[in-house]
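A.B. asks: Here you go, one structure.
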Amino acid sequence: MVGELLKYGRGILMCMRYPFRHDKKGVYRLVSHITSPETFFGHQLGADRKIARWDKIVEYFYTLAKESDRIQVVDLGPSTEGNPFLLTIISSPENLANLEELRQINLQITDPRGLTEAAVKELVKRGKAVILQSMSLHASEIGGTQMAPELAYDLLTGNDEATLRILDNVIYLAVPCFNPDGQLMVTDWYNEWVGTEYEGCSMPWLYHKYAGHDNNRDAFMQNLIESYYMGQLLFHEWRPQAFQDHHHMGSYGARLYVAPYSEPIRPDADPLIWRELAWYGSHMAYKLEEAGLTGILNGAQFPGWGHFGYHWITNHHNIAGMLTESASAKLATPLYIEPSQLRGAGKTMPEYAEQTNFPHPWPGGWWRLRDIVEQQKVAAWALLDVAARNKDTVLWNSYLKAKRQTERGAASKEQAYIIAPDQHDPLTARKLVQVLLNQGIEVHQAKAPFKLGACTYPEGTYVVFLAQPKYGVIKQLLGRTLYPSNPWTENPDGSVRAFDTATDTVAEYMGVKVFPANRQLAGEFAVITELEPPAGQVCPVDQYGYVFDACLNDSYRVANRLLQKEIPVWRLDEEVNVAAGYTLAPGAFYVEAAAAAELKEIATELGVNFFGLKAAYEGQKRALRPLRVGLYQRYYGGNADEGWTRLVFERFEQPYITVMNDDIKAGDLIDRFDVLIFPSDWEQLIVDINAPSRNPRAAMFARRFGDTVPPQYRGGIGKEGVEALRAFVEAGGRLIALNRSCDFAINTFKLNVTNVVDGLPATEYSTGGSTLHVQVATDHPFGYGMPEDALIFNWNSPVLQVTDTFRAENYQVIARYPEKDILQSGLLVGEKRLAGKAAMLVAKYGQGEVVLFGFAPQHRGQMHGTFKLLFNCLQ
């Protein structure tokens with residue numbers, strides 16, 4: 001039989017599809033077996049108390065690639081901690097043989113500028129729908145990665161009409177594990193405690209080295225290598241028609257959420273996106289119901305305006321971005337849910353009862369990992385199925401979205417956004433441009449000066465024209481954004497709360513000025529695809545030493561590097577003239593002439609300019625020394641704010657030591673540290689998780705971790721830790737409290753400072769993650785290098801008021817809210833409560849000091865505009 005098929009060639013053979021494989025020599029051979037997941041892993045995926053480990057899953061996918069010509073496996077590179085980050089591509093053998101051609105067709109459809117409609121129609125006929133799905137970004141949400149091998153196996157072995165239609169019409173891209181490092185952590189943690197009273201308990205630390213649960217908030221900044229890989233797939237290499245990210249949620253509501261989102265929607269996406277989400281979601285819900293799976297919810301609970309993580313930001317890239325959310329078990333341990341424990345999910349599902357988008361409630365009982373695997377597999381399959389059945393429609397609408405968004409940008413009042421080179425921190429402005437390039441946004445650069453009204457912009461100015469398919473994401477990242485107050489966003493009590501952050505305006509986050517062009521620009525502009533290396537200089541070489549600008553974030557990196565090499569560095573407390581008409585503000589860094597060779601190397605690498613002094617500096621200067629910095633880390637699932645702080649420190653070469661509860665309780669802190677930093681946290685989670693709390697989030701942590709984790713992972717610093725911290729600062733140490741930790745510091749040191757918004761309901765104070773204006777004391781060492789008018793990130797943060805009426809001079813305000821017009825982007829309820837109050841202050845305490853940041857200066861590694869405020873406190 002094989003001989004007969006080989007004689008007639010490829011066309012007849014491909015009608016058989018399976019079980020033949022085309023080898024590298026062009027010969028079709030009979031494949032006797034494709035290994036099933038159950039055979040390979042020794043158990044059914046999702047079985048009680050069994051989690052397949054990522055290294056074995058990787059091995060399984062490579063086994064499938066050897067056994068089937070329907071799959072390709074690509075290692076995109078190492079994860080943060082060096083584990084393989086896989087992409088699997090599943091389609092028909094014919095499609096995989098022509099994969100590059102099909103990829104190029106898809107890129108033309110998704111950016112059709114310059115093509116005729118007839119040309120696009122021909123591309124649609126030849127093209128295939130590209131669908132990308134990712135699994136278990138949040139590593140404790142294990143179902144997706146356990147499901148992925150089973151879904152792949154079904155697609156590789158099926159020969160029914162539905163499977164062959166998917167293989168013919170769809171290129172299925174899968175990231176079987178979006179967080180390999182966390183998957184290994186969670187699996188090993190679970191296996192360590194299975195069979196004990198702590199079986200199925202939450203892991204006490206972050207399930208990503210830096211981000212933990214925040215890793216899906218990294219889509220626009222791409223601080224993490226995993227985010228970068230996904231961004232390359234979504235925004236550069238493939239630009240799929242749809243993307244679905246498989247997650248878990250709480251255990252006591254619906255069994256599974258699928259698209260579409262509920263209200264409100266974020267503006268500026270093409271309207272077809274919202275129709276597609278409803279279409280895809282309805283098909284998934286239909287197929288789930290058809291399969292007899294109950295408790296399926298769609299069009300509720302998760303709003304269309306959420307954070308700009310991958311399943312949300314993709315909608316503004318003309319990619320239908322969705323997520324599934326399965327009810328969680330206790331990892332791989334079954335969870336029993338008493339029927340009376342089931343509850344609704346806010347105003348879109350006010351009670352656990354039948355409604356049009358939740359017609360078949362689950363009755364309660366045992367809930368297992370296998371249930372999650374099955375429902376996620378049906379949802380994932382259904383998305384592939386609807387795309388396969390409607391391939392031409394999906395591709396044509398992909399073209400329409402790109403075309404209409406380009407037209408929308410061309411007709412917009414704002415024709416472009418201008419990023420001039422003359423910035424407070426030009427190197428950070430370059431980093432903003434790189435963020436935009438990573439999003440696949442088309443960026444131009446002026447080849448000659450050009451004018452806009454009375455302003456002339458120089459050669460080298462970056463321009464982002466809105467007449468391009470990425471119109472929607474450009475508007476959201478670079479334009480001012482105001483979170484709406486309307487019936488969809490208001491709660492029954494009248495409060496307005498955003499789902500995660502109320503704005504993702506990255507230029508504001510980074511402290512970069514972006515100017516809207518409200519008319520067409522005339523000039524010579526060229527598209528850039530990558531940034532040229534920064535051109536730092538050492539000029540001129542001189543005997544009196546060199547200074548470099550404190551306005552640059554990267555100058556702090558330079559200072560840290562030099563200090564670690566034992567090269568002396570000073571801060572200058574007065575402004576210094578370095579060239580005709582060019583003066584560096586107070587806080588500039590100074591190094592001696594002997595460091596010239598080192599500075600040349602750094603200038604080439606980082607782009608920092610070093611200015612030679614023509615005469616000896618006679619003003620006041622302060623010698624820097626490498627401070628011993630401790631960064632507090634707690635258990636209870638870890639603290640993402642602490643993880644992001646580590647990432648920022650490592651990026652800027654700031655040495656630090658992780659400090660745990662026992663390190664603080666041991667006392668004698670002044671012998672080991674100069675500075676201690678407490679990332680944003682609730683006081684109860686720092687001191688004693690079982691202490692009474694008005695804060696519902698802190699109470700939730702107490703319920704989740706109070707007695708469910710092993711004893712060695714409980715507790716806080718306790719009373720002895722509080723006393724040790726007081727002794728540390730009293731003896732000359734510096735304690736820094738970030739954002740929510742201000743309340744802990746105020747109470748610990750009994751400071752005469754009040755958080756004036758503490759305990760206020762959201763009807764009286766709410767910011768929801770927004771950019772607010774502050775006035776910075778740039779003449780104070782902690783304010784060095786900052787602009788006088790800066791933007792900070794406030795997420796329902798403390799607002800500080802000095803209450804000492806006898807020794808108020810012991811309190812110095814570093815950043816203060818203006819009297820009005822405080823909001824830049826996002827949401828602000830209760831402006832009058834912030835007016836004139838402190839956002840950052842330093843308080844004397846004994847021989848030391850306590851620094852209170854009433855905001856997050858390093859939030860998610862994104863707030864480049866306020867990094868310097870933190871860095872200054874470490875020198």
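The values are calculated or read from the model by the stated rules, or taken from the named source; none is laboratory data. For clarity, every value in this text was computed on a predicted model and none was experimentally measured. All Cβ positions, even for glycine, are placed from backbone atoms using ideal geometry, and neighbour counts span all protein chains on display. What goes into the accessible areas is simple: the full protein's heavy atoms, side chains included, and nothing from ligands, DNA or RNA. Shrake-Rupley method; radii C 1.70, N 1.55, O 1.52, S 1.80 Å.
A.B. asks: Identify, by number, the condition in (1) small (Gly, Ala, Ser); (2) open to solvent by 10 Å² or more (accessible area, probe 1.4 Å); (3) part of a helix (DSSP H, G or I) that residue 144 doesn't meet.
C.D. replies: So the condition that residue 144 fails would be (2).
A.B. asks: Return yes or no: is residue 622 surrounded by fewer than 17 Cβ atoms within 10 Å (Cβ to Cβ), farther than 15 Å from residue 554 by Cα, modelled with pLDDT of 95 or more and among the charged types (D, E, K, R)?
C.D. replies: Numbers: surrounded by fewer than 17 Cβ atoms within 10 Å (Cβ to Cβ): yes; farther than 15 Å from residue 554 by Cα: yes; modelled with pLDDT of 95 or more: yes; among the charged types (D, E, K, R): yes.
Taking the combined requirement at face value, the residue satisfies it.
A.B. asks: Test residue 205 against the criterion of being free of Cβ contacts under 8 Å to residues at least 60 places away in the same chain and of a type in the set (Phe, Trp, Tyr), and give yes or no. Don't jump to the end; show me each part of the working.
C.D. replies: On the way: free of Cβ contacts under 8 Å to residues at least 60 places away in the same chain: no; of a type in the set (Phe, Trp, Tyr): yes.
No: the conditions fail for residue 205.
A.B. asks: Moving on to the next point. Check residue 718 against each of (1) small (Gly, Ala, Ser); (2) farther than 21 Å from residue 801 by Cα; (3) touching a strand residue (DSSP E or B) at 6+ places or on another chain (Cβ under 6 Å) and name the one condition it does not meet.
C.D. replies: Condition not satisfied by residue 718: (3).
A.B. asks: Given the conditions (1) open to solvent by less than 10 Å² (accessible area, probe 1.4 Å); (2) in a helix (DSSP H, G or I); (3) out of contact with any Lys or Arg (no Cβ under 8 Å at 6 or more places or on another chain); (4) not acidic (Asp, Glu), which single one is not true for residue 418?
C.D. replies: Going through (1) open to solvent by less than 10 Å² (accessible area, probe 1.4 Å); (2) in a helix (DSSP H, G or I); (3) out of contact with any Lys or Arg (no Cβ under 8 Å at 6 or more places or on another chain); (4) not acidic (Asp, Glu) one by one, residue 418 breaks only (2).
A.B. asks: Any residue at all in the range 739-746 that is within 22 Å of residue 508 (Cβ to Cβ) and open to solvent by less than 20 Å² (accessible area, probe 1.4 Å)? Give the derivation first.
C.D. replies: Our first condition is that a residue be within 22 Å of residue 508 (Cβ to Cβ); within the range 739-746, this holds for 739-740.
Now narrow it down to the ones that are open to solvent by less than 20 Å² (accessible area, probe 1.4 Å): 739.
Checking the range 739-746: at least one residue is within 22 Å of residue 508 (Cβ to Cβ) and open to solvent by less than 20 Å² (accessible area, probe 1.4 Å).
A.B. asks: In addition: Would you check if residue 35 is polar (S, T, N, Q) and either modelled with pLDDT under 95 or more than 36 Å from the chain's Cα centre (by Cα) (or both)? Walk me through how you get there before you give the answer.
C.D. replies: Details: polar (S, T, N, Q): yes; either modelled with pLDDT under 95 or more than 36 Å from the chain's Cα centre (by Cα) (or both): yes.
The answer is yes for residue 35.
A.B. asks: For the structure I just gave you, tell me whether residue 386 is over 14 Å from residue 281 (Cα atoms) and either at pLDDT below 95 or open to solvent by less than 30 Å² (accessible area, probe 1.4 Å) (or both).
C.D. replies: Working: over 14 Å from residue 281 (Cα atoms): no; either at pLDDT below 95 or open to solvent by less than 30 Å² (accessible area, probe 1.4 Å) (or both): yes.
Answer is no for this residue.
A.B. asks: Being crowded, with 18+ Cβ neighbours inside 10 Å, charged (D, E, K, R) and at pLDDT 95 or above: is that true of residue 69 here? Explain how you work it out, then say what you get.
C.D. replies: Numbers: crowded, with 18+ Cβ neighbours inside 10 Å: yes; charged (D, E, K, R): yes; at pLDDT 95 or above: yes.
Judged against the criteria, residue 69 is a match.
Here's the yes/no breakdown for (1) surrounded by fewer than 18 Cβ atoms within 10 Å (Cβ to Cβ); (2) within 30 Å of residue 213 (Cα to Cα); (3) touching a Leu at 6+ places or on another chain (Cβ under 9 Å):
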position	(1), (2), (3)
456	yes, no, no
462	no, no, yes
531	yes, no, yes
536	no, no, yes
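A.B. asks: Can you tell me which of 77, 114 is open to solvent by less than 30 Å² (accessible area, probe 1.4 Å), over 30 Å from residue 329 (Cβ atoms) and not in a helix (DSSP H, G or I)? Before you say what the answer is, go through the steps one by one.
C.D. replies: Details: 114 fails: open to solvent by less than 30 Å² (accessible area, probe 1.4 Å).
Just one listed residue meets the conditions, 77.
A.B. asks: Failed condition for residue 628, given (1) in contact (Cβ under 8 Å) with a residue 60 or more places away in the chain; (2) surrounded by fewer than 19 Cβ atoms within 10 Å (Cβ to Cβ); (3) not acidic (Asp, Glu), with all others met?
C.D. replies: (1)
A.B. asks: Let me ask you something else. Need pairs with beta-carbon distance below 8 Å; first residue in contact (Cβ under 8 Å) with a residue 12 or more places away in the chain and within the range 342-361, second of a type in the set (Phe, Trp, Tyr) and part of a loop (DSSP other than H, G, I, E, B); sequence gap 6+ or separate chains.
C.D. replies: 342/252; 342/352; 342/362; 343/252; 343/352; 344/352; 361/352
A.B. asks: From the list 608, 591, 629, exactly one residue is closer than 29 Å to residue 673 by Cα and touching a helix residue (DSSP H, G or I) at 6+ places or on another chain (Cβ under 7 Å). Which is it? Spell out how you get there, then give the answer.
C.D. replies: On the way: 608 fails: closer than 29 Å to residue 673 by Cα; 629 fails: touching a helix residue (DSSP H, G or I) at 6+ places or on another chain (Cβ under 7 Å).
Checking each option against the conditions leaves just 591.
A.B. asks: Restricting to the range 153-196, give me the number of residues that are within 25 Å of the chain's Cα centre (by Cα) and polar (S, T, N, Q).
C.D. replies: Summing the residues that are within 25 Å of the chain's Cα centre (by Cα) and polar (S, T, N, Q) in the range 153-196 gives 3.
A.B. asks: Using the structure shown, decide if residue 138 is in contact with an Asp or Glu (Cβ under 7 Å, 6 or more places away or on another chain) and part of a loop (DSSP other than H, G, I, E, B). Talk me through it step by step, then tell me what you get.
C.D. replies: Details: in contact with an Asp or Glu (Cβ under 7 Å, 6 or more places away or on another chain): no; part of a loop (DSSP other than H, G, I, E, B): yes.
No; evaluated as a whole, the condition is false for this residue.
A.B. asks: Would it be correct to say that residue 680 is farther than 16 Å from residue 560 by Cα, of a type in the set (Gly, Ala, Ser), in contact with a helix residue (DSSP H, G or I) (Cβ under 7 Å, 6 or more places away or on another chain) and surrounded by 22 or more Cβ atoms within 10 Å (Cβ to Cβ)?
C.D. replies: Details: farther than 16 Å from residue 560 by Cα: yes; of a type in the set (Gly, Ala, Ser): yes; in contact with a helix residue (DSSP H, G or I) (Cβ under 7 Å, 6 or more places away or on another chain): yes; surrounded by 22 or more Cβ atoms within 10 Å (Cβ to Cβ): yes.
So residue 680 fits the description; yes.
A.B. asks: Also, quick follow-up: What's the total number of residues in the range 692-729 that are in a helix (DSSP H, G or I), open to solvent by 60 Å² or more (accessible area, probe 1.4 Å) and either among the basic types (Lys, Arg) or more than 23 Å from residue 663 (Cβ to Cβ) (or both)?
C.D. replies: Final tally of qualifying residues: 5.
A.B. asks: Quick one: residue 403 ticks every box in (1) touching a helix residue (DSSP H, G or I) at 6+ places or on another chain (Cβ under 8 Å); (2) open to solvent by 40 Å² or more (accessible area, probe 1.4 Å) bar one, so which box is it?
C.D. replies: (1)
A.B. asks: Sticking with this structure for a sec: Kindly check whether there is at least one residue in the range 783-799 that is without any contact (Cβ under 8 Å) to a residue 60 or more places away in the chain, open to solvent by 10 Å² or more (accessible area, probe 1.4 Å), assigned to a strand (DSSP E or B) and polar (S, T, N, Q). Full working, then the answer.
C.D. replies: The first filter runs over the range 783-799 and keeps only residues without any contact (Cβ under 8 Å) to a residue 60 or more places away in the chain, leaving 788-789, 796-799.
Then drop every residue that is not open to solvent by 10 Å² or more (accessible area, probe 1.4 Å), which leaves 788-789, 796.
Checking the rest, the ones that are also assigned to a strand (DSSP E or B) come to 789.
Of the ones still in play, those that are also polar (S, T, N, Q) are none.
Scanning the range 783-799, I find no residue that is without any contact (Cβ under 8 Å) to a residue 60 or more places away in the chain, open to solvent by 10 Å² or more (accessible area, probe 1.4 Å), assigned to a strand (DSSP E or B) and polar (S, T, N, Q), so the answer is no.
A.B. asks: Test each condition in (1) under 30 Å from residue 723 (Cβ atoms); (2) in contact (Cβ under 8 Å) with a residue 60 or more places away in the chain; (3) open to solvent by 10 Å² or more (accessible area, probe 1.4 Å); (4) among the small types (Gly, Ala, Ser) for residue 643 and report the one that comes out false.
C.D. replies: (3)
To keep it simple, each residue is scored yes or no on (1) on the phi > 0 side of the Ramachandran plot; (2) touching a Lys or Arg at 6+ places or on another chain (Cβ under 7 Å); (3) not in a strand (DSSP E or B).
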position	(1), (2), (3)
586	no, no, yes
597	no, no, yes
617	no, no, yes
677	no, no, no
685	no, yes, yes
690	no, no, yes
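A.B. asks: Is it the case that some residue within the range 42-63 is open to solvent by less than 20 Å² (accessible area, probe 1.4 Å), of a type in the set (Lys, Arg) and under 34 Å from the mean Cα position of the chain (by Cα)?
C.D. replies: No, there is no match, as no residue in the range 42-63 is open to solvent by less than 20 Å² (accessible area, probe 1.4 Å), of a type in the set (Lys, Arg) and under 34 Å from the mean Cα position of the chain (by Cα).
A.B. asks: If you don't mind, there's one more thing I want to ask. Report every pair of residues separated by at least 6 positions or lying on different chains whose Cβ atoms are under 7 Å apart, first residue within the range 305-321 and in a helix (DSSP H, G or I), second open to solvent by 10 Å² or more (accessible area, probe 1.4 Å) and among the charged types (D, E, K, R).
C.D. replies: 316/268; 317/470
A.B. asks: Mind checking which residues of the range 80-111 are of a type in the set (Asp, Glu) and in a loop (DSSP other than H, G, I, E, B)? Don't jump to the end; show me each part of the working.
C.D. replies: Looking only at the range 80-111, we keep the residues that are of a type in the set (Asp, Glu), and these are 81, 94, 100-101, 111.
Hits for the range 80-111 are 81, 111.
A.B. asks: Go through (1) of a type outside the set (Phe, Trp, Tyr); (2) farther than 26 Å from residue 217 by Cβ; (3) open to solvent by 10 Å² or more (accessible area, probe 1.4 Å) and name the single condition residue 755 misses.
C.D. replies: Single failed check for residue 755: (2).
A.B. asks: Inside the range 822-875, can you point out the residues that are touching a Gly at 6+ places or on another chain (Cβ under 8 Å), closer than 26 Å to residue 804 by Cα and either open to solvent by 20 Å² or more (accessible area, probe 1.4 Å) or not in a strand (DSSP E or B) (or both)?
C.D. replies: Hits for the range 822-875 are 846, 847, 869, 872.
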